[in-house]
Every structure is written in structure tokens, then in C-alpha cells.
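The values are calculated or read from the model by the stated rules, or taken from the named source; none is laboratory data. These numbers come from a predicted model, not from an experiment. Cβ: placed from backbone, ideal geometry, glycine included. Neighbour counts: every protein chain shown.
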Amino acid sequence: MTNATTKLRDEVADILNRVYPHEDIAALTHAVLEAFWPGGQAPRKRRRKPENAPWSQADAILITYGNSLLDGVHKPLDLLHDFLLRRMKGVVNGVHILPFFPYTSDDGFAVADFRKVDPSMGDWPDIVRIGSDFQLMSDLVLNHVSSQGTWFVAYRQRQEPYDRFFFEASPEDDLSAVVRPRTTPLLREVETRSGPRHVWCTFSHDQIDLDYSNPEVLLEILRILRMHIDMGVRIVRLDAVAFLWKEVGTPSIHMPQTHAIVQLLRVLTDFAQESVILLTETNVPKAENLSYFGQGNEAHAIYNFPLPPLILHAMLSGSARYLRTWQAAMPPSPPGCAYLNFSASHDGIGMRPVEGLLPDTEIVRMIQTVQSGGGLVSMRSLPDGGQAVYELNCGYFPALARTFSGKDEHHLARFVASQTIVMSLEGVPAFYIHSMLATPNDHEGVERRGMNRAINRHRWDYEALNALLDDPSSDQARVMAALSERLRIRARQPAFSPNATQFTLRLDERVFGVWRQPHDRRQSIFALHNVSSDTLDLPCEDLNLIADETWTDLLSGEVVTPEQSHIAMAPYQCRWLTNLPA
């Protein structure tokens, strides 16, 4: 046994001992390594070093469902592949295909079988082909499974090992402290061969929570993770990971055992032959979200969840005050880690991450403005029995059709500015397909499917979409062209490397600005974003432009000299001023 193998075993054993202190740790360690490296596969000879981070300024990700594009003839995954090659090549190099497995509800997040591809979308060879052209990201829905899937059917029949796969509780238990993202009852009574049981359902009664206190559950999830890596997945999104470990009488969120299991996954993936990135999905307030970096030993990447609502507020209010205050207080990501920056996803615009960041009065204004434009609101249950806003349900493009002051002629410029902020910040940028496509709100989908989130999960007719994208006057073509051009420019700038130094600028509150510089210090970029409908003159002295160098706006081509007194900014104009155009 090599020193590296010994170190791997020791690290795994130490973590398992914290999670399962009453188990045979030596046997369980062997089982974990066998689950992740089966059939003669072997770990790396040495652990991947944090400084060898597998990302650069050229990285950007498209988020999409496998069936966001339909034509009634071809497999949706083939259409997606065609769209990626035709429209996204050279714009993004990664694609997050949201759950593409057989499912029963929640648009894929009630997984019925982790080992199959939904036949209505395609099959594994279609997934593998996409993964050969783009870095592939998929969901490991590790908190729960479908109530109609094979595991839960076997549980109800009391078949081993599934008879101990799901978390049970009693209606008599004190569950008042449990943190919930939904308003449905936590427990569901089900009939089994041995009588009624009450199973834990964090999200819905069709999504039954797994019981990780049984190590067999962990082992099966590790086998599934290995299979997905073998199929070409290189970024693994740990869905709803914060709720993984449950204990009656506790909040059952962010438990120590949950963090330990993420640490275990980090050790395994850092020793994997493949370059695998773990991304945690924790739509919670700032400090709780940042905790999933651990000490640089948990997630490789975390979602920057406050960004969507804070950017939205800045654009609606015309003030970057709260966005700037938050960003200035954000720590850089630890070595070997990165933020995933985004403004929109398949879910709504989460409001929990801005608890304590935005005053209640500003949140109310946001809600009213989004609702006035046809957006919706979803609630969550509070421990005291009350409710609070969980998310705004609205496409990001339609959400910016108006401001707190009402409608104006700046809709497209305002939206492009919002996405440019995402591109400018420390981290890897990701863009939901319906943001790239300026998709309107799908109210018909909400009515037909009976869920608020359907408003932002439109399925495009592929032929009709291509016609719009080929029409330069359409919103779809204009947004796609603007964002694609900026992403191509961004990919060539070392200062936009995900771990490049960032400093938040103190400017006119109508301008959100950051300074970026790579570690070799050869390039500087002042990324400036006018979040208002005002025409501004920004004093050059506020930027500390280095003297005796030529500064060029990468977006307009305009040359700026340190001797100038002001830099003009049109409504919602963005500038990337650099001393070294790359």
C-alpha cells in the first residue's frame, strides 16, 4: 500500500468515524472505497492540489433542462446538442443539464431511477456525446427520491436493504425547530407490510427523504456518483445537500454529519483520476452558504445565492448600495475553490439569501414590482407556524421589464447590464437558458401544471426559436448576440480568471464597480456597471487608473486616459476598462 493510499484510507476513516461512530470503521472504509472505485479502478497516486484549480476565465456554463427544446420529431437531447454546437460553441464551454432521469414530479427532482435517462429525452449515449463537447454538469439528488420509485416501493414491501433507506418520525415528535423550504406537512403517513409509517418529506410528499444514518444509503449514493462520473459528468451538483442529515428535535439543516459527508465526497473526488468538481446547492443566508467551503475541504464550488436578488434590486431601484455593501464584505474563495455566479436558474429568485442584507421595505418593493409585471411569489413555513417569502417566480428578463418607477425604454440594456455583472465577478459565471433566450413568463405553463416555478421553465419549439434567433430584430436574437459577444471577450481576459484578485470600488451608488487583477498582475480591469437610467459622469480620480498606460474599454473600444476628468456612462452602460487588452 502506497503512502497516498494510506493517507486516503486514513482520511476516509477519520470522517466516517465522525458520522458513524458505532460502525466497524475499517470495514466501512473498505466498502466506501470499493463503492467509489469498483472493479479494479484505482485512485490517483497523490491528491489533486488546490492550486491546480480546473477552471479559468474561459469557463462559463449554460443551465438547461434536457427537454427545454422540442420539435416533436427528434430526441430533446439531440436538439440540445445541436443548439449547443450551433449557438453556444465559443460562448460557453460547460452545460448543466438539470435532472435527466425518470421522475414523477418537481420537473425531475423526484427521481425514480438514478441509473437511467428519461426515455422521453434520450439515453446515456446522448448524454455522453454532449459531455464529449462540453464540460458536463449534472445533479446528484441525494436528499430524497420519488415515492413511486423502486427504492420506496421496496421500502413499503419491507424488502432489504430498502426497509431502512428512509427517515421515519412520529407525529408525536417535537418537529417545531425543523427548517423548511415548503409549506406542506413534513411527515407523510404510508402503509407498509408491517403497518403504517410516517416518513420525512422535506420538499413534497412525492419526495421521500433518505436516511443517511444507515451507511448503506451512503454506499449506494457513492455507486451512483461513480456511474455518473464514468458517463462523463465532471461537475456534480449536490442538490438540497443542506437537509441531508435529520435528527428529531433539531433544525435538521447544516448538521455536522452533513458537512462531514461533503468532506468525504471532497476527499474521494480529489483522489479521482477524473477532474471532478463538487458544487453544493444551498439556497440559504450568506454565512450558512459559505460554510460549505468548510476549511477549503468541502465543496470545490458554491452558488453565489445572494446575487440574483441583489442584482435584481439594484436594477429595479437604480442603486447598487446593497449589492456593493454585500460584495465588499464577501471573502475571496479559499484556494482550490470558487463561486458559481448566476442571476437566474430553473428555480425562482430565492429571497432567503438576502435575509439581513435587504431591509424588509425594499423586499416588499421588489415583490410588488415583480408581481405588477406578472410574476408570482412562493412562501415557506416558519417554525412558529407563520409563513415568509421563499422566492419570486419570474423569468429574469421579464422581471427587469420595469423598475420601481415603472416601465421605460431601457428594458434590454438593463437586462444585459444585469448579466454583465455576473460575468465580471470573482468566480465562474452560469446562465440559465431562458436568460440567454430572453424567454417571456410562461403563464400558460403555470396554469396547466399547477406550480409557480413553471413560469420560468418554458419549453421552446425549436424551429420557432431558431427563426427568432435568426431575426436580428427579436429580443431573443438581440440578447443572445449581446451576451455571446461579452462572454467571448471575457474568455480572453486573465483578470477575469475565477480566482483573480477582486476589490469592490466605492463609487456613485448608481454604479456597481469592481477591480480585477490576475495573480501575475499584468492586467487590470475596472468593471463598471451603471444600474440606473441616468446618464453619469464618473470622475476618473475615483478609479486610480495607473498613469502612463493606455486604458481601453473592452466593450466599446473607446480609449480612456488617466488625464481625463470624467468617464461618461449612458443609462445601464457597462465598461470593462483594461490596461492590457487580451
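Quick notes on this structure:
- Pairs, first within 18 Å of His205 (Cβ to Cβ) in the stretch 146-160, second among the aromatic types (Phe, Trp, Tyr), C-beta under 6 Å, six or more apart: Trp151/Tyr162; Trp151/Phe165; Tyr155/Tyr162; Tyr155/Phe165; Tyr155/Phe166
- Residue ID - surrounded by the most Cβ atoms within 10 Å (Cβ to Cβ), chosen from residues in the stretch 161-175 that are touching a Phe, Trp or Tyr at 6+ places or on another chain (Cβ under 8 Å) and touching a residue at least 40 places away in the same chain (Cβ under 8 Å): Phe167
- For the stretch 109-122, the set of residues classified as out of contact with any Asp or Glu (no Cβ under 8 Å at 6 or more places or on another chain) and in contact (Cβ under 8 Å) with a residue 24 or more places away in the chain consists of Val111, Ala112, Asp113, Phe114, Arg115, Asp118, Ser120, Met121, listed by residue number.
- If only residues of the stretch 360-392 that are part of a helix (DSSP H, G or I) and of a type outside the set (A, V, I, L, M, F, W, C) are counted, the one that is farthest from Val284 (Cα to Cα) is Ser372.
- Here Val92 passes the criteria (1) among the hydrophobic types (A, V, I, L, M, F, W, C); (2) surrounded by fewer than 22 Cβ atoms within 10 Å (Cβ to Cβ); (3) under 15 Å from Ile433 (Cβ atoms) except the one numbered (2).
- Leading residue by the ranking (surrounded by the fewest Cβ atoms within 10 Å (Cβ to Cβ)) among those in the stretch 259-292 that are touching a Ser or Thr at 6+ places or on another chain (Cβ under 7 Å) and within 20 Å of Gly427 (Cα to Cα): Glu288
- Considering (1) farther than 27 Å from Glu509 by Cβ; (2) surrounded by fewer than 22 Cβ atoms within 10 Å (Cβ to Cβ); (3) modelled with pLDDT of 95 or more, the lone condition that Tyr322 does not fulfil carries the number (1).
- Restricting the first member to the stretch 197-219 and to residues that are at positive phi and part of a strand (DSSP E or B), and the second to residues that are acidic (Asp, Glu) and surrounded by fewer than 17 Cβ atoms within 10 Å (Cβ to Cβ), no beta-carbon pair is closer than 8 Å while six or more apart or on different chains.
- So Ala482, is it at pLDDT 95 or above, touching a helix residue (DSSP H, G or I) at 6+ places or on another chain (Cβ under 7 Å) and small (Gly, Ala, Ser): yes
- Looking only at residues of the stretch 229-261 that are part of a helix (DSSP H, G or I) and out of contact with any Leu (no Cβ under 7 Å at 6 or more places or on another chain), we find that the one that is farthest from Gly350 (Cα to Cα) is Asp230.
- Any hit, the stretch 460-468, residues being surrounded by fewer than 20 Cβ atoms within 10 Å (Cβ to Cβ), touching a helix residue (DSSP H, G or I) at 6+ places or on another chain (Cβ under 9 Å) and within 21 Å of Thr325 (Cα to Cα): no
- The residues listed here are Ala26, Ala35, Ala53; of these, the one that is closer than 26 Å to Thr501 by Cα and either free of Cβ contacts under 8 Å to residues at least 60 places away in the same chain or within 30 Å of the chain's Cα centre (by Cα) (or both) is Ala53.
- Criterion: over 19 Å from the mean Cα position of the chain (by Cα), modelled with pLDDT under 95 and either surrounded by 20 or more Cβ atoms within 10 Å (Cβ to Cβ) or assigned to a loop (DSSP other than H, G, I, E, B) (or both) - qualifying residue of Arg46, Arg158: Arg46
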